[in-house]
Ligand code: ADP
């Protein structure tokens with residue numbers, strides 16, 4: 001009779017339950033090692049606790065004796081504590097948290113340690129103590145209390161962590177799974193609480209239930225939808241109440257109205273009522289279910305209507321953005337989703353030969369995913385490698401894929417963390433692949449439904465059909481987009497071509513100008529050389545030549561040859577500037593000397609043309625480092641240009657000053673420069689020519705209309721002087737540019753040339769010289 005002790009029987013059955021769970025855990029292939037260890041440990045702890053309780057119970061009912069009840073009950077408490085700790089760890093493992101929850105561990109473990117010390121009493125503390133206000137504290141009772149607090153800490157940590165995770169998940173499938181886990185947590189805490197309070201039968205049953213639910217949640221991928229189950233239960237509950245009310249109400253009504261009628265039989269009335277109810281049951285149930293669905297999850301849709309509307313609306317759309325908006329909008333009309341996008345997929349890898357098109361073919365490279373938002377939040381772009389399990393699955397299976405699948409199915413465990421992170425950032429619930437000629441070209445990425453419902457299998461069926469319908473439209477939109485891109489590219493190329501053409505004709509013009517200039521410039525001195533030579537020969541042949549006459553002739557030939565040499569030298573210098581072989585000295589240069597030499601060079605021309613040349617502020621300028629001969633060449637040329645561009649009687653002013661230029665970067669000291677301007681009252685330069693005059697062989701206006709002569713008004717050279725001047729100044733680390741209000745031969749607005757030369761280099765050079 002003692003074996004029939006109900007607590008003992010329950011404990012025994014619970015132990016068998018635990019053994020079965022342990023077996024299931026050890027056999028499972030879905031669980032990772034960590035989860036197996038924790039779940040296995042939990043089962044073993046529960047088994048150990050059960051054995052200790054069974055032995056205690058056996059002693060109590062007299063099956064065994066001589067057992068130490070104190071030790072056994074102590075092991076019972078240890079078992080419960082171990083289970084609380086393991087369950088906390090298991091909760092973290094379920095939530096895929098990487099850390100160990102050290103904060104909670106610290107607090108919980110401190111209580112457990114103090115409790116155990118009080119319990120085991122290694123320091124031989126007294127069994128009772130009186131700390132405050134005369135209260136007597138029994139040691140083992142305090143120990144038990146402290147241990148219970150430790151257990152409470154771990155339990156609260158599990159509850160808190162579960163609530164946080166539940167709040168964070170928006171995906172209904174994950175939420176559903178979290179609900180199961182929440183149930184396990186509630187059962188774990190309440191069963192352990194009951195067991196600590198010695199409610200053995202109910203406590204151990206709940207304990208078995210919590211371990212079983214936790215194991216099922218971890219082991220089972222497709223957990224039944226609790227929301228749906230709740231909805232069905234409510235429907236049936238309402239139906240039961242409704243039918244009972246109708247039946248009893250009908251029965252009593254029949255009784256009241258027909259009782260006095262002759263031949264009234266209550267049994268017949270009952271049967272008629274039952275028949276009526278049986279006929280009405282199904283339509284009534286439908287009605288109730290639809291009502292519940294509407295109340296809980298909003299509207300329902302008609303798949304056929306959605307499908308036909310969908311095909312009609314998208315068939316003519318070519319614009320990608322519009323297509324995404326219409327596609328996602330229509331889906332949302334039926335299913336009311338939070339957000340969604342049409343994702344185009346571009347394979348970036350080897351060229352696709354016919355063999356490579358097959359879904360089974362191995363590929364390298366990446367797939368670029370570009371989401372085009374149709375509704376709700378913007379989704380970031382991403383790329384997934386061609387041999388990622390996600391791509392393999394999308395290419396082979398052609399079925400809708402949920403984020404839940406990606407998170408939980410073992411085949412996706414190998415997904416690289418970066419790809420996983422990108423997918424999670426999309427906050428998408430379901431992906432529907434779109435194919436064109438067996439090639440994956442896009443996805444419909446849909447966020448969770450607003451109602452919080454999952455995508456049921458009928459939804460997925462319809463969505464798959466919709467995705468298939470989208471293929472042609474997406475392919476058209478892609479082609480159209482490519483075409484648009486190519487068009488834009490063509491237009492860009494055309495514009496570039498036009499620019500190149502303009503540049504080419506300018507270069508062509510420069511080349512013809514060069515030939516014209518060269519022939520024009522070279523011919524004049526050459527004609528002079530030949531002419532004087534012929535005259536000389538004729539004079540020698542006819543009359544005896546006088547010395548003076550001969551000297552005059554040779555002088556003219558010499559000047560013409562000198563001019564020729566000058567032109568050829570200019571050409572040569574430009575070539576040396578181009579090839580960076582122009583020799584340049586580096587020595588301290590007194591700019592006043594340079595400017596004065598330049599003025600002296602042209603003194604004859606200045607007098608002939610009655611021009612006034614003034615120089616200001618030059619003598620006060622500090623010396624700079626450079627090549628005095630080259631700098632004289634620059635100013636000489638600027639002066640020559642000014643003389644040639646200014647009508648007789650005009651003015652040329654040369655002004656020197658110091659300037660500071662800040663480079664905008666507060667950390668570096670500003671650079672100091674000398675700025676020398678050569679300003680004339682000449683014909684000026686048009687704005688569009690201000691830069692061009694520095695180009696090789698460039699001369700303003702028709703080259704053949706210019707007169708030749710070194711100082712004549714509007715006289716022109718080969719168009720190389722400013723090119724050489726800029727080359728020299730830039731080699732000195734400076735800048736040269738022209739300013740003019742415009743070109744006007746009548747009003748002569750004048751031109752101002754700036755030559756900016758850096759000063760710092762001199763100081764540096766001086767310190768370097770001093771250091772040397
Ligand atoms: P060139 O050998 O013809 O003098 P440059 O390179 O020195 O060649 O000058 C190019 C052109 O710039 C000149 O042909 C002239 O038309 C114009 N130019 C140069 N300096 C002046 C100036 N001070 N005033 C007006 N035009 C100028």
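So is residue 546 free of Cβ contacts under 8 Å to residues at least 12 places away in the same chain and surrounded by 12 or more Cβ atoms within 10 Å (Cβ to Cβ) or not? Criteria not met by residue 546. Quick one: residue 577 ticks every box in (1) farther than 30 Å from residue 531 by Cβ; (2) in contact with a strand residue (DSSP E or B) (Cβ under 7 Å, 6 or more places away or on another chain) bar one, so which box is it? Every condition holds for residue 577 apart from (2). Among the residues of the range 379-388, the one identified as over 17 Å from residue 349 (Cβ atoms) and either crowded, with 18+ Cβ neighbours inside 10 Å or modelled with pLDDT under 90 (or both) is 379.
Annotation note: Cβ proximity below 7 Å between a residue of the range 634-649 that is farther than 15 Å from residue 712 by Cβ and a residue that is away from the ligand (no atom under 11 Å from the Cβ) and in a helix (DSSP H, G or I) (sequence gap 6+ or interchain) occurs for 634/728; 634/729; 635/594; 635/595; 635/598; 636/598; 636/601.
Matching residues to (1) out of contact with any helix residue (DSSP H, G or I) (no Cβ under 6 Å at 6 or more places or on another chain); (2) crowded, with 22+ Cβ neighbours inside 10 Å; (3) at pLDDT 90 or above:
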{"position": "135", "(1), (2), (3)": "yes, no, no"}
{"position": "143", "(1), (2), (3)": "no, no, no"}
{"position": "158", "(1), (2), (3)": "no, yes, yes"}
{"position": "208", "(1), (2), (3)": "no, yes, yes"}
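Of the residues making up the range 98-115, those that are under 34 Å from the mean Cα position of the chain (by Cα) and surrounded by 13 or more Cβ atoms within 10 Å (Cβ to Cβ) number 1.
Assess whether residue 611 counts as being touching a residue at least 60 places away in the same chain (Cβ under 8 Å) and either over 55 Å from the mean Cα position of the chain (by Cα) or buried (at least 16 other Cβ atoms within 10 Å of the Cβ) (or both). So residue 611 fails the test.
Can you tell me which residue among 24, 7, 84, 45 is within 23 Å of residue 183 (Cα to Cα), surrounded by 14 or more Cβ atoms within 10 Å (Cβ to Cβ) and more than 46 Å from the chain's Cα centre (by Cα)?
45
On the basis of being in contact with a helix residue (DSSP H, G or I) (Cβ under 8 Å, 6 or more places away or on another chain), surrounded by fewer than 18 Cβ atoms within 10 Å (Cβ to Cβ) and more than 22 Å from residue 648 (Cα to Cα), does residue 592 make the cut?
no
Within the range 684-713, which residues are near the ligand (Cβ under 10 Å from one of its atoms), modelled with pLDDT of 65 or more and more than 58 Å from the chain's Cα centre (by Cα)? Selection gives 710 alone. Here residue 170 clears all of (1) surrounded by 15 or more Cβ atoms within 10 Å (Cβ to Cβ); (2) closer than 28 Å to residue 337 by Cα except the condition numbered (1). Taking residue 345 as the residue in question, decide whether it is surrounded by 12 or more Cβ atoms within 10 Å (Cβ to Cβ) and closer than 27 Å to residue 235 by Cβ. So residue 345 does not fit the description; no.
So, of the residues in the range 716-771 that are at positive phi and within 10 Å of the ligand (Cβ to nearest atom), which turns out to be modelled with the highest pLDDT? Here the residue is 750.
Being touching a strand residue (DSSP E or B) at 6+ places or on another chain (Cβ under 9 Å) and surrounded by 17 or more Cβ atoms within 10 Å (Cβ to Cβ), is that true of even one residue in the range 183-200?
no
Residues checked against (1) out of contact with any helix residue (DSSP H, G or I) (no Cβ under 8 Å at 6 or more places or on another chain); (2) more than 30 Å from residue 179 (Cβ to Cβ):
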residue: 390; (1), (2): no, no
residue: 397; (1), (2): yes, no
residue: 403; (1), (2): no, no
residue: 422; (1), (2): yes, no
residue: 435; (1), (2): no, yes
residue: 441; (1), (2): no, yes
residue: 444; (1), (2): no, no
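The selection criterion, being within 16 Å of the ligand (Cβ to nearest atom), in a strand (DSSP E or B) and either out of contact with any strand residue (DSSP E or B) (no Cβ under 9 Å at 6 or more places or on another chain) or within 26 Å of residue 715 (Cα to Cα) (or both), does not hold for residue 566.
Being touching a helix residue (DSSP H, G or I) at 6+ places or on another chain (Cβ under 8 Å) and under 20 Å from residue 196 (Cβ atoms) is a condition met by at least one residue of the range 27-41.
The rows are residues; the columns are (1) in a helix (DSSP H, G or I); (2) under 16 Å from residue 469 (Cα atoms).
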{"site": "253", "(1), (2)": "yes, no"}
{"site": "257", "(1), (2)": "yes, no"}
{"site": "273", "(1), (2)": "yes, no"}
{"site": "288", "(1), (2)": "yes, no"}
{"site": "305", "(1), (2)": "yes, yes"}
{"site": "313", "(1), (2)": "yes, yes"}
{"site": "317", "(1), (2)": "no, yes"}
{"site": "327", "(1), (2)": "yes, yes"}
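Considering every residue within the range 448-456, establish whether at least one is part of a helix (DSSP H, G or I), within 26 Å of residue 218 (Cα to Cα) and out of contact with any strand residue (DSSP E or B) (no Cβ under 6 Å at 6 or more places or on another chain). Within the range 448-456 (the criterion being part of a helix (DSSP H, G or I), within 26 Å of residue 218 (Cα to Cα) and out of contact with any strand residue (DSSP E or B) (no Cβ under 6 Å at 6 or more places or on another chain)), the answer is no, since none of the residues qualifies.
The values are calculated or read from the model by the stated rules, or taken from the named source; none is laboratory data. Given the structure is predicted, the values throughout are model-derived calculations rather than measurements. Don't worry about glycine lacking a Cβ; one is built from the backbone with ideal geometry, like all the others, and counts go over all protein chains shown.
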